[in-house]
Every structure is written in structure tokens, then in C-alpha cells.
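The numbers here are math on the coordinates, done by the rules we state, and not lab data. As the structure is a prediction and not an experimental result, all values here were calculated from the model. When we count neighbours, we look across all protein chains shown, and the Cβ atoms used for this are built from the backbone with ideal geometry, even at glycine.
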Amino acid sequence: MDIINYLKEHENKDMLRFLTCGSVDDGKSTLIGRMLYDSKMIFDDQLSAAESESKKYGTTGEKIDMALLVDGLQSEREQGITIDVAYRFFATENRKFIIADTPGHEQYTRNMVTGASTADVAIILIDARKGILTQTRRHSFIVSLLGIEHVIVAINKMDLVDFSEEVYNEISKAYGALADELGIKNTYYIPVSALDGDNVVDKSEKTPWFDGKPMLGLLDSMDISKEQKAEDFRFPVQYVNRPNLDFRGFCGTIAAGSVKVGDEITVLPSGKTTKIKSIINAGDITEDNREVTTQEVYAPMAVTLTTEDEVDISRGDMIVHTHSLPSVSNNLKVMLVWMDEKPMQINRSYDIKRATSVVTGSFEKINYKIDVNTYERTQVKELALNDIASCRMVLTRPIASDSYQTNRLTGSFIVVDRISNNTVGAGMIVGLSRRDLGVSTKEYSDAEKELNAYVRKHFPEWDCKAV
């Protein structure tokens, strides 16, 4: 019974996903290792292995190298750097956490983007001796590009600057200016020593001038909820369930909003309308294994919907509220991150996977490439590994989509090579392309004004012209 209660207790806890990023050797893996160690989340065999490896590589003298608790690749242990994204799970009394430890090298930018794509919070480490570096600016840009609204600035290695309040204030002020430039909404600053554990799990006596919470305390209490309108219902259909002639249900995970029995819905891209007849929640099962219908469900629940009318609905379609329709188009303006050694070629066909839909598409034009170090725009004819660019994407059929700023799930996609089946890119939908003839001039003009106003405010160096 104790095990059952324990599982139920953890089941009801909310989940927070965060990543660590920053320059090479700023102490990202060490910070996570220290957090796991001090919160008693390390098994004895893991600790023994870390002690043995620490003696072997001798990176921290007589102390345990906390980074070895995270860095799993042999090349990472030998070089003392992070190459691939490492995920770790742990929980406190209040919350469950998934950590993504991302690499700092520029050549592994695609790995950092992968780790950041699902994160709610970013921890950006800054070496107190060096201050803000090029990699700090690069990762901050990617964090803002991927819509992460909460950034914790961990000013690390404070022990090497004698826990100087002046150094802390100077770096905090400099990063505050960078955050304003990038439009990062919420920033928090903590002076830490990841190696010794100062202000990581417990508040340090060496920083009496710091009145904030330690790292874990801040993560445990941070409010990451986003204001979400219930009427902005988005339900990408994953599977059509047809067990017998009397039942036809549409299965999937609600991406946004909520829906209840009797709501009028529209199926996109077909535009057919009907009403919700019943909702089956997979979690509600009676003792005799019968599923129970419910009246209302909300994101991110996985449910099965049935409709009052026989409407043609297939995998890849999106069910939405009739009074809150997203854009439907096959011409989209996107921000693309290229992740393959083979360059991206204009007008070459790729498979575009967005939510549950797979559509053939191509990139008709590269508007500009962004230098992630200086934020400057350049004109290019193809994209190389780790390049980030604004592009015009053309699909063979329309899809229903939101902008990435509005909804991460329906506003993002991956690019798959049709021959090798490798994932070669990832992108974020910015808005509609002007050449989409299915959108009236007034509708596009209003959307364009709203988008350009946002870009001018937060990214004045970007090109605000529609394509």
C-alpha cells in the first residue's frame, strides 16, 4: 500500500523541464551533478563510479568530479566537456524535474536546440571570472528563439573571485541588458559555486549579501504556468479508433485549450463542422474494464473524441473550436535550424512532420541567415550544419497551424530527408507567407502588423518584411 501511495503522490506532482547551457567549461554538468548529489538523488553505484573516474582523470584534485555523474560518453569524460544532450530525472516533495544538460561548443548547436525545444526554464551559466562571452549570447539567442520565458542566470565559480558582490552585480547588469535586447521575459540571478555546492541546494553562508533563493529552491517554487485560452482548442488527430461498426473515435493528445460535450468543432484543413458527441478519457476505467465518458477535458490530456455527424477525419487532421480557427495554409514563413552535415538546398523536397501530420514540402527561399553570435543577417543560397535562417516553406497541401510564439506543439516541425529518413532540420512557424492566395489582403495585413510589432520590439535587427 505504501508503494501505491508513493506512486500516486508522484503522479499528481507537476513536471518542470529545464536545461543548462553556457560557454564551454562553465560548469554545466558539475552544477547538475552537485544538485543531484546534494539532494540525495545519486545511487551508491553511481557515486562509486564517479569517485573512481575522478581519481582516473584527476580533473578536480581530491574532490569528486560532479560532472562525471552526468557526462556519460567516454569522449566526454576524457575531454571534460559535454558533447551530446544528457537527460536526468529527479523529484522533490513539490515537483518532478527533467534536466537536459546541453553542450557549449558551437559545433554542437543542434544538440543544444534539441534540448531546449521542450524546456520550460533555461539555466545559463556564466563564469564569474570571464563574464558574458560569445557562447552566452549565442545560447541566450537560441533560448529566446525557442520561446523559453524563464531564464536563471547562474553566475558560477564565485569561489574563484572570493564571492565578490561587485562581480555579481556587474555580470547581472550586463546580462540584464542582453535579456532586454532579446525580449526574455523573466530573468533570475544566483551566485553559485557548483564545485562546492554554494547556493545550489542550500543557501551559502559565503554570500550574506544575496537574499534570493538557492537554485533548487527557485526551481521548486517557480511559477511556469502560461495563460492559455480555453477556446483556443487544438487537437491533432493521432489515430482513428474503429473497433466495431458501432463506434468511431478520434484519438490524440490535446495540444491546447479545452473541449466539452456539445461544443461545435471544425476539422481542418477540410473545414467540415460538427459537434462533440462524447469524450472518453483513457484514465477513467471501471473495475470491469469499461471506459467512462466525461464531459470536459483539457490540455495535455490524451483522450478519444466522437462526433455527432459522420465527418471524414483522418490522422494528421486537426480538430478545433469553430469560433477560434488557426491559420490554414501551404505557404509559411518559418525560422529553420539546419541539423545535417549535408547542406539544405532550395526547392528540394523534404518530409515536413508537424504534430501528427506528415506533408511533403520544400524551402522556396532563404530570406536571411542569422549569425547567432552577433545577431547579424546575411544572404545565403544554402544552409550548412547549425545554421539558423528565416525561410519561406511551401507544402504540397495546406495544414492548420499556429505561430510558435502562440503554441509550441502546433507551431513547430521537423524536416526529414526523404531518401535517408534522417532528421535534418527543425523549425518554428512565424506566420503566413504573403504569396498564400487563400488569405485576404486585410487578414494578412492585420497579422503582419501584429507580427512586425512584436519583432520590432524584441528583435529590431531582424528583417520584418513579409515574404
With equal scatterers on the alpha carbons only and no solvent term, can you work out the Debye log10 of I(q)/I(0) for region 152-198 at 0.23, 0.26, 0.27, 0.33 1/Å? -0.79, -0.91, -0.95, -1.19
Taking placed amide H atoms and a strict 5 Å upper bound, the residues 5 or more places from residue 212 or on another chain that come that close are none
Packing-based order for 27-33, 218-224, using average beta carbon neighbours within 10 Å, highest first: 27-33, 218-224
With θ taken as phi - 60° and the coefficients 6.51, -1.76 and 1.60, list the Karplus ³J(HN,Hα) couplings across region 402-415 in order, rounded to whole Hz; mark glycine and proline as x. 10, 5, 4, 5, 7, 8, 5, 6, 8, x, 10, 7, 10, 10
Based on the inverse mean of 1/r over its pairs of different Cα atoms, what is the Kirkwood hydrodynamic radius of region 307-389, in Å? 15.5 Å
In whole angstrom, note down how far apart the Cα centers of region 369-429 and region 147-176 are. 32 Å
For 177-185, 307-315, ranked highest to lowest by mean beta-carbon neighbours within 10 Å, the order is 177-185, 307-315
Would you mind checking which residues have amide H under 5 Å from residue 120's amide H? H placed 1.01 Å from N; only 5 or more apart, or other chain. 17, 18
Could you please tell me the mean projected area of the C-alpha convex hull for region 234-321, averaged over all directions and given in square nanometres to one decimal? 5.3 nm²
For region 282-435, what is one quarter of the convex hull surface built on the Cα atoms, given in nm²? 12.6 nm²
